[in-house]
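Engineer: This structure is in structure tokens; I'll ask about it shortly.
Just so it is clear, none of the values below were taken in a lab; they were calculated from the coordinates. The model shown is predicted, which means the values in this text are computed figures rather than measured ones. Please note: Cβ atoms are built from the backbone with ideal geometry, for glycine as well, and neighbour counts cover all protein chains shown.
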Amino acid sequence: MKNVTLEQIFLHPITQKYLKRSGVAHAIAVAENAFMFAKKYRINPDHAAKAGLLHDVGHFTWYRNGEWDYDLYKENDIHAIKGASRAHKLLIRIGEDRHAAKEIAVAILLHTDSYLPAGELKLTPLQQVVTLADEADEEDGGSHHYRKIDSDQALECIRALDKCIAEEKNLSQKIV
Ligand SMILES: [Fe+2]
Ligand SMILES: [Fe+2]
């Protein structure tokens, strides 16, 4: 099975297009958080980091009179549904394992309960990790979506995370 890296996902034009909407810095921070939480809770760090990176690719830009309208967003947003579908299509296109692609897409679908009945879902550990990772990077008024990161620095972070994931994979293969 071909190993799909975060770098491949990150550099894909579809990822670049949609991450620019929801914030590259936020996506990278959530991927890093998800990797750390995955290690802590002993779940697959590769799946967690990929879901973290792609969790907000479903965002639409809710503008009214040239300005972001938070009420319009709250009322109409389905970014987790769109994101899950978009991420799944992208992952399959890049060559991700089908089972992994599904796990990642469902974690994206459930990373927010903004459109779901409260408290009625029982999340898997991967889904909890992605939700925690996102919440850990949230700022008041959604300003985490507007934090900037230089593109060279972004790619450096992604490569560093790929290295950490590869090290974790090697470690777990040695243990098994
Ligand atoms: Fe989100
Ligand atoms: Fe987010």
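Engineer: Among Arg98, Arg64, Arg21, which one shows the biggest mean-square fluctuation in a GNM of the chain, springs joining Cα atoms closer than 10 Å?
Structural biologist: Between Arg98, Arg64, Arg21, it is Arg64 that shows the largest mean-square fluctuation.
Engineer: Continuing with this model, one more query. Please compute the volume of the convex hull spanned by the alpha-carbon atoms of the stretch 6-175 and report it per residue in Å³.
Structural biologist: Dividing the Cα hull volume of the stretch 6-175 by its residue count gives 115 Å³.
Engineer: Just rank Ser143, Ser85, fewest to most, by other beta-carbon atoms within 10 angstrom.
Structural biologist: Ser143, Ser85
Engineer: Kindly provide the Kirkwood hydrodynamic radius of the stretch 119-176 in Å, to one decimal, from all pairs of distinct alpha carbon atoms.
Structural biologist: Numbers: mean 1/r = 0.0690 Å⁻¹.
After inverting the pairwise mean of 1/r, the radius is 14.5 Å.
Engineer: Please get the size of the charge dipole for the stretch 1-160, origin at its Cα centre, with Cβ charges of +1 on Lys and Arg and -1 on Asp and Glu, quoted in debye to the nearest 20.
Structural biologist: Magnitude of the dipole: close to 740 debye.
Engineer: Additional query: Compute the distribution of all C-alpha to C-alpha distances in the stretch 10-74, in bins of 5 Å from 0, and list the percent of pairs in each, rounded to whole numbers.
Structural biologist: Reading upward from the zero bin: 4, 19, 21, 19, 16, 12, 7, 3, 1, 0.
Engineer: Cβ under 11 Å from Ser172's Cβ, Ser172 left aside: what net charge do those residues give with Lys, Arg +1 and Asp, Glu -1?
Structural biologist: Taking every Cβ under 11 Å from that of Ser172, the sum is +1.
Engineer: So what's the net charge close to Glu7: Lys and Arg +1, Asp and Glu -1, counting the other residues with Cβ under 12 Å from its Cβ? Please list the in-between numbers first.
Structural biologist: On the way: positive: Lys50, Arg159, Lys163; negative: Glu156, Asp162.
With Lys, Arg at +1 and Asp, Glu at -1, the net is +1.
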